[in-house]
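The values are calculated or read from the model by the stated rules, or taken from the named source; none is laboratory data. Keep in mind that this is a model prediction, so the values were computed, not measured. No Cβ is skipped: glycine too gets one built from the backbone with ideal geometry, and neighbour counts run over all protein chains shown. These accessible areas exclude ligands, DNA and RNA; they are computed on the full protein's heavy atoms, side chains included. Shrake-Rupley method; radii C 1.70, N 1.55, O 1.52, S 1.80 Å.
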Amino acid sequence: MSLVIECMQTWERLREEMSPETVMRTDEPMASKTTLRVGGKAKYYIEPAQVEDFQKALKFAKNQCLEIFVLGRGSNIIVLDSGFDGVVIHFKHSNWKRIEEIDENRFYAGAGVRLKEVCGYAAKMGLAGFEFLEGIPGSLGGSLRMNAGAMGGWLFDVVESVCFMTRAGELFEAPKNEFNLGYRHCKELQEAYALGATLKGSEKLPEESIRQKIMKNSVSRKASQPREPSAGCIFKNPEGNFSGRLIDSAGLKGASEGKAQVSEIHGNFIINKGGASSDDVIALVNRVRNTVFEKSGILLEPEVLLLGAKWQDILKK
Ligand code: EPU
């Protein structure tokens with residue numbers, strides 16, 4: 001029997017084992033699930049309803065030697081037009097969107113909760129320290145993995161502990177000090193999947209003063225970042241410098257490949273002007289990276305994730 005047929009049969013058996021609310025589809029279009037809005041289909045797509053369903057999905061992928069990608073808000077990812085041959089898991093079911101107070105200083109949020117909601121929930125509780133999350137278009141799960149940040153803060157600043165599942169399907173909860181953290185990086189969550197986190201504030205403040213700070217952040221973000229579809233910042237900031245500034249100084253603002261364009265507002269954003277292909281975006285990523293290297297000697301490294309290939313195979317020198 002061919003491997004493809006065997007895999008499809010296992011997939012159909014998996015469907016029978018899943019709880020009825022779990023969604024399973026093949027050849028799922030991905031572009032509309034990302035903020036950049038480019039890319040092809042995912043071969044296997046699962047929205048698990050329960051922790052056990054997620055465990056079964058991981059087991060299926062492992063047994064079939066398929067790559068796994070856990071999709072959050074899709075705000076930091078470029079999907080290739082040729083698609084992804086593995087399993088995309090999306091924490092879309094309401095069970096992953098639970099958010100609830102633990103005590104007056106702490107609350108729990110599931111991996112599928114949006115950062116916008118985390119920020120608003122903390123404000124309502126009168127918990128300061130979350131204001132920098134305003135406007136980061138991510139979900140909590142993906143943002144934990146990336147240790148997402150803005151305005152001088154990063155997500156783990158407000159984390160007390162994280163509940164996660166290993167690739168082998170084991171469930172753990174670990175305090176923040178057990179994670180190796182860096183700029184846009186959490187080592188342990190490259191090999192495991194965050195299911196939710198206990199979050200804590202820095203101090204109690206009146207809701208109104210927290211909301212004012214959120215508003216200030218929102219105004220400065222709107223003035224400095226584009227509104228068009230994008231994947232946020234494309235490159236990490238190199239040590240001691242800013243990718244946006246380097247791209248700007250290299251005269252690349254407004255540069256385009258097909259329907260992908262370097263934002264006129266912020267050099268580190270590539271926007272989709274409507275109908276861009278992933279080839280357009282990748283061609284522009286390479287052009288920007290090579291031009292900045294020629295002009296400054298600094299080689300920028302992507303911050304956005306790539307689905308369908310590895311960056312090292314796509315980046316041209
Ligand atoms: N700059 C330019 N030209 C540009 C863009 C920026 O000269 O086209 C200069 C700015 O004037 C400023 C410096 O570069 O002096 C830094 O710019 P900015 O304040 O916009 O911050 P950033 O380092 O470019 C980071 C994060 C953003 C986050 C903002 C706001 C990274 C790669 N980016 O941007 O995160 O929203 O700070 O705090 O760390 C993301 O991760 O996707 C993202 C957008």
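Summary of computed values
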{"read-out": "Cut-off 9 Å between beta-carbons: net charge of the residues surrounding residue 129, Lys and Arg +1, Asp and Glu -1", "value": "-2"}
{"read-out": "Euclidean distance between Cα centres, region 37-114 to region 260-295, Å", "value": "27"}
{"read-out": "Cα convex hull volume per residue for region 115-231 (Å³)", "value": "105"}
{"read-out": "Rg over Rh, two decimals, region 1-75 (C-alpha only, Kirkwood Rh)", "value": "0.98"}
{"read-out": "Top of 276, 223, 192 by mean-square fluctuation, Gaussian network on the chain, Cα under 10 Å", "value": "223"}
{"read-out": "Selection of chymotrypsin sites (Phe, Trp or Tyr not before Pro), region 127-206, meeting DSSP coil and at most 16 other Cβ within 10 Å", "value": "183"}
{"read-out": "Prolate/oblate/rounded call for region 40-122, Cα gyration tensor, a/c under 1.5 rounded", "value": "oblate"}
{"read-out": "Shape call, region 209-317: gyration tensor on alpha carbons, a/c limit 1.5", "value": "prolate"}
{"read-out": "Contact order relative to length of the chain, as percent, for alpha carbon pairs under 8 angstrom and 6 or more apart", "value": "16"}
{"read-out": "Flagged links, alpha-carbon separation over 29 Å, of 43/187; 176/213; 43/222; 236/273; 213/273", "value": "43/222; 213/273"}
{"read-out": "Kirkwood Rh in Å, taken over all unlike Cα pairs in region 163-232", "value": "15.7"}
{"read-out": "Accessible-area composition of region 1-134, carbon plus sulfur, in percent [1.4 Å probe]", "value": "48"}
{"read-out": "Hull shadow area, averaged, the chain [alpha-carbon convex hull, nm²]", "value": "16.7"}
{"read-out": "Surface share of carbon and sulfur [accessible, 1.4 angstrom probe, percent] for region 189-280", "value": "48"}
{"read-out": "For residue 71, distant residues with modelled amide H under 5 Å away", "value": "89, 90, 91"}
{"read-out": "For the chain, accessible area per residue (1.4 Å probe, heavy atoms of protein chains only), Å²", "value": "48"}
{"read-out": "DSSP-defined antiparallel bridges as percent of all bridges, region 1-122, nearest 5", "value": "55"}
{"read-out": "Within a Gaussian network of the chain (alpha carbon springs, distance under 10 Å), most fluctuating of 247, 102, 270", "value": "102"}
{"read-out": "Unit charges on C-beta of K, R, D, E only; dipole of region 97-184, Debye", "value": "420"}
{"read-out": "Student exercise, the chain dipole from Lys, Arg, Asp, Glu Cβ charges, in Debye to nearest 20", "value": "900"}
